[in-house]
Amino acid sequence: MKPTPKIYLSVVIPVYNEQDNLKNLTARVMKVCDGLHHAYEIIFINDGSRDNSYEMLNILQEKHAKHIRVVHFNGNFGQHMAVMAGFEYSRGEIVVTLDADLQNPPEEIPKLLAEIEKGHDSVGGIRIDRQDSYFRKWASKLNNKIRYFLTGIKMTDQGCMLRAYNRKVVDLMVSSYERAAFIPALAYTLSANPTEVEVDHSDREAGTSKYNLYKLLRLNFDLMTGFSLLPLQIFTLVGMLISMCSFLFVIYMFMRRIIVGPEADGLFTLFAILYFLIGIVLMGLGIMGEYIGRIHQNSRSRPKFIIQDIREAK
Ligand code: UDP
Ligand code: MG
């Protein structure tokens, strides 16, 4: 059952092994929210943490039962699914998302709220002076270019999770049935009037990044398959082009055989061409597999995430 919005603000925070950040994070978010003088809630989604985040969250929830709700997953379903669960349980007219590692300063939340109050239905943060490794920043730049090329989605900083949405966009996201969702892109496609603001960015307070190269790559495949058919179309076009060239080549070889006679030279050139083509075919199969895998996942229609336990004031 969908909860009816009753309060002004929901802050949704995904948590995966963040035990050393939770206390400080809660204090800072609560300080900012208390300053708003409106009803608010903070929803933590524990994405199957294996450290003490489970206990820490329960203690914090008991201490601030009026403001904190905790959803515990029974496994690791990924940051975006955690945020999705937060949306589902949120009751606020405005929903703000935030990372648990304090890389997004909670003190920037009012900036986002101001944009929503102006009438925008979603607001994305742009991290100025981003405090991440050189590699991560470079990878993000590349990502941004590829995403724009593939999906046409105009977003300055897709990786920034300090974002705000109004109730309408949140409801649309919740009702869209996708298990490999990339939240900022999904919100963008569902918003009528999105905007962006610059926000601060800090180093991780404690713990380490939960994303390795593999996970980042998977996330990008989610983005690509979820929002674009261009990779498949490119393969159709490239395939057509190569077939045409091969056809001309066959005609040429046939004529040559009639006029000059058979030839056996150039064997290795042929191998090179063949390997190149096999490479392209394998890549095409892989890309097709990415799409089919997701169709398969969706058609099995298993739950997107499994909740073990919810802690909130009765
Ligand atoms: N996170 C999550 N599930 C995961 C990975 C990450 O809920 O499988 C959370 C994590 O606890 C943090 C946020 O998503 O609140 C962003 O993760 P992280 O800081 O590791 O990403 P980075 O800043 O390195 O992009
Ligand atoms: Mg982080």
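Each reported figure results from applying straightforward, stated rules to the coordinates on display, with no laboratory input. Note that the coordinates shown come from a computational prediction; the quantities given were computed from them, not determined experimentally. A quick note on method: Cβ atoms are made from the backbone with ideal geometry, for glycine too, and the neighbour counts reach across all protein chains shown.
A compact table of results
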item	result
Cα principal axis extents for the range 230-300, largest first, Å	59, 21, 17
Mean Cβ neighbour count within 10 Å, used as a protection proxy, ranking 24-30, 251-257 highest first	24-30, 251-257
Peptides 133-140, 117-124 ordered by average Cβ neighbours within 10 Å, highest first	117-124, 133-140
Average projection area in nm² (convex hull over Cα atoms of the chain, one quarter of hull surface)	20.0 nm²
Residue exposure sequence - L150, L230 - by fewest surrounding Cβ within 10 Å	L230, L150
Listed residue (S10, S301, Q158) projecting farthest to the positive dipole end of the chain, Cβ model	S301
Violating pairs (Cα-Cα greater than 28 angstrom) within the set K31/K304; K6/K137; K111/K168	K31/K304; K6/K137
Furthest towards positive pole of dipole, F77, G226, M288, structure part the chain, Cβ charges	M288
Lys, Arg +1 and Asp, Glu -1 on Cβ, resulting dipole of the range 1-85 about Cα centre, debye, nearest 20	300 debye
Only Lys, Arg (+1) and Asp, Glu (-1) charged, at Cβ; the chain dipole about Cα centre in debye	660 debye
Given charges at beta-carbon only (K, R positive; D, E negative), |dipole| of the range 29-136 in Debye	60 debye
Relative exposure of V12, V71, judged by other C-beta atoms within 10 Å (fewest first)	V71, V12
Dipole of the chain [Lys/Arg +1, Asp/Glu -1 at C-beta], most positive-end residue of V169, T195, T208	V169
